[in-house]
Amino acid sequence: MERFQQKDPLTELGAVANPGELVELQDSRKTIHLSHPVEEYITNIVRATRSHPSLRLGASPRGSLGLMRAGQALQPSESGNTCSPIDINL
(Lines give C-alpha, C1' and ligand atoms only; values in the text may rest on other atoms or scores of the structure.)
Protein backbone atom coordinates (compact mmCIF):
# COMPACT_ATOMS: atom_id res chain seq x y z
CA MET A 1 0.00 0.00 0.00
CA GLU A 2 2.86 2.36 0.75
CA ARG A 3 4.19 1.90 -2.76
CA PHE A 4 0.88 3.02 -4.28
CA GLN A 5 -0.03 5.73 -1.81
CA GLN A 6 1.34 8.45 -4.09
CA LYS A 7 1.22 6.61 -7.42
CA ASP A 8 -1.75 4.98 -9.16
CA PRO A 9 -0.67 2.18 -11.51
CA LEU A 10 -4.03 2.28 -13.29
CA THR A 11 -3.22 5.68 -14.79
CA GLU A 12 -0.34 4.09 -16.69
CA LEU A 13 -2.42 1.40 -18.37
CA GLY A 14 -3.06 1.67 -22.06
CA ALA A 15 -5.99 0.40 -24.10
CA VAL A 16 -5.85 -3.26 -25.13
CA ALA A 17 -8.76 -3.05 -27.58
CA ASN A 18 -10.72 -0.42 -29.43
CA PRO A 19 -14.53 -0.10 -29.23
CA GLY A 20 -15.02 -1.86 -32.57
CA GLU A 21 -13.03 -4.88 -31.40
CA LEU A 22 -15.10 -5.08 -28.23
CA VAL A 23 -18.35 -5.07 -30.19
CA GLU A 24 -16.95 -7.77 -32.48
CA LEU A 25 -16.05 -9.94 -29.48
CA GLN A 26 -19.50 -9.43 -27.96
CA ASP A 27 -21.13 -10.42 -31.23
CA SER A 28 -18.95 -13.53 -31.61
CA ARG A 29 -20.11 -14.71 -28.18
CA LYS A 30 -23.64 -14.94 -29.56
CA THR A 31 -22.62 -17.73 -31.96
CA ILE A 32 -21.72 -20.12 -29.12
CA HIS A 33 -24.52 -22.68 -28.73
CA LEU A 34 -25.99 -23.71 -25.39
CA SER A 35 -27.63 -27.12 -25.28
CA HIS A 36 -30.81 -27.63 -23.29
CA PRO A 37 -28.91 -29.54 -20.53
CA VAL A 38 -26.52 -26.59 -20.14
CA GLU A 39 -29.45 -24.17 -19.91
CA GLU A 40 -30.97 -26.41 -17.21
CA TYR A 41 -27.61 -26.49 -15.44
CA ILE A 42 -27.51 -22.70 -15.32
CA THR A 43 -31.12 -22.57 -14.13
CA ASN A 44 -30.36 -25.08 -11.36
CA ILE A 45 -27.38 -23.05 -10.17
CA VAL A 46 -29.44 -19.86 -10.01
CA ARG A 47 -32.36 -21.65 -8.35
CA ALA A 48 -29.98 -23.08 -5.73
CA THR A 49 -28.82 -19.57 -4.82
CA ARG A 50 -32.42 -18.63 -4.03
CA SER A 51 -32.92 -21.47 -1.59
CA HIS A 52 -29.50 -21.73 0.04
CA PRO A 53 -29.71 -20.99 3.78
CA SER A 54 -26.45 -19.01 3.75
CA LEU A 55 -27.76 -16.47 1.26
CA ARG A 56 -30.32 -13.77 1.88
CA LEU A 57 -30.89 -13.02 -1.77
CA GLY A 58 -30.29 -15.35 -4.66
CA ALA A 59 -29.37 -14.64 -8.23
CA SER A 60 -31.97 -12.97 -10.43
CA PRO A 61 -32.98 -13.93 -13.97
CA ARG A 62 -30.24 -11.55 -15.08
CA GLY A 63 -27.86 -13.73 -13.10
CA SER A 64 -28.84 -16.61 -15.38
CA LEU A 65 -28.11 -14.47 -18.41
CA GLY A 66 -24.79 -13.44 -16.91
CA LEU A 67 -23.77 -17.05 -16.38
CA MET A 68 -24.84 -17.93 -19.91
CA ARG A 69 -22.90 -15.04 -21.45
CA ALA A 70 -19.83 -15.67 -19.32
CA GLY A 71 -19.84 -19.35 -20.29
CA GLN A 72 -20.15 -18.42 -23.95
CA ALA A 73 -17.34 -15.87 -23.68
CA LEU A 74 -15.03 -18.28 -21.86
CA GLN A 75 -15.71 -21.21 -24.15
CA PRO A 76 -12.40 -22.17 -25.77
CA SER A 77 -12.55 -21.83 -29.55
CA GLU A 78 -10.70 -25.13 -30.05
CA SER A 79 -13.67 -27.14 -28.75
CA GLY A 80 -16.15 -25.84 -31.33
CA ASN A 81 -19.13 -23.57 -30.92
CA THR A 82 -20.83 -25.32 -28.01
CA CYS A 83 -20.80 -24.20 -24.40
CA SER A 84 -20.49 -26.98 -21.81
CA PRO A 85 -21.02 -27.08 -18.03
CA ILE A 86 -17.23 -26.83 -17.68
CA ASP A 87 -17.37 -23.42 -19.39
CA ILE A 88 -20.04 -22.33 -16.89
CA ASN A 89 -17.90 -23.43 -13.93
CA LEU A 90 -14.92 -21.36 -15.01
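Run the accessible area of the chain with a 1.4 Å probe and give the carbon-and-sulfur part as a rounded percent. Show your work: numbers first, answer last.
Values: 4230 of 7360 Å².
Here carbon and sulfur together make up 57 percent of the probe-accessible area.
Ignoring everything except DSSP H segments at least 4 long, calculate the 222 nm mean residue ellipticity for the chain; use -39,500 (n - 2.57) per segment, divide by total residues, nearest 500.
-15500 deg cm²/dmol
Computed with a 1.4 Å probe over protein heavy atoms only, the accessible surface of the chain comes to 82 Å² per residue. Protection proxy ranking, highest mean first, for peptides 24-37, 61-74, 2-15: 61-74, 24-37, 2-15, where packing is the per-residue count of other beta-carbon atoms within 10 Å, averaged.
Rounded, prolate or oblate for the chain? Axes are the square roots of the Cα gyration tensor eigenvalues, ordered a ≥ b ≥ c, and the cut-off for rounded is a/c under 1.5.
Cα axes put the chain in the oblate bin.
The values are calculated or read from the model by the stated rules, or taken from the named source; none is laboratory data. Since the model is a prediction, treat every value here as computed from it, not as a measurement. Because the Cβ atoms are built from the backbone with ideal geometry, glycine has one as well, and the counts that use them run over all protein chains shown. These accessible areas exclude ligands, DNA and RNA; they are computed on the full protein's heavy atoms, side chains included. Shrake-Rupley method; radii C 1.70, N 1.55, O 1.52, S 1.80 Å.
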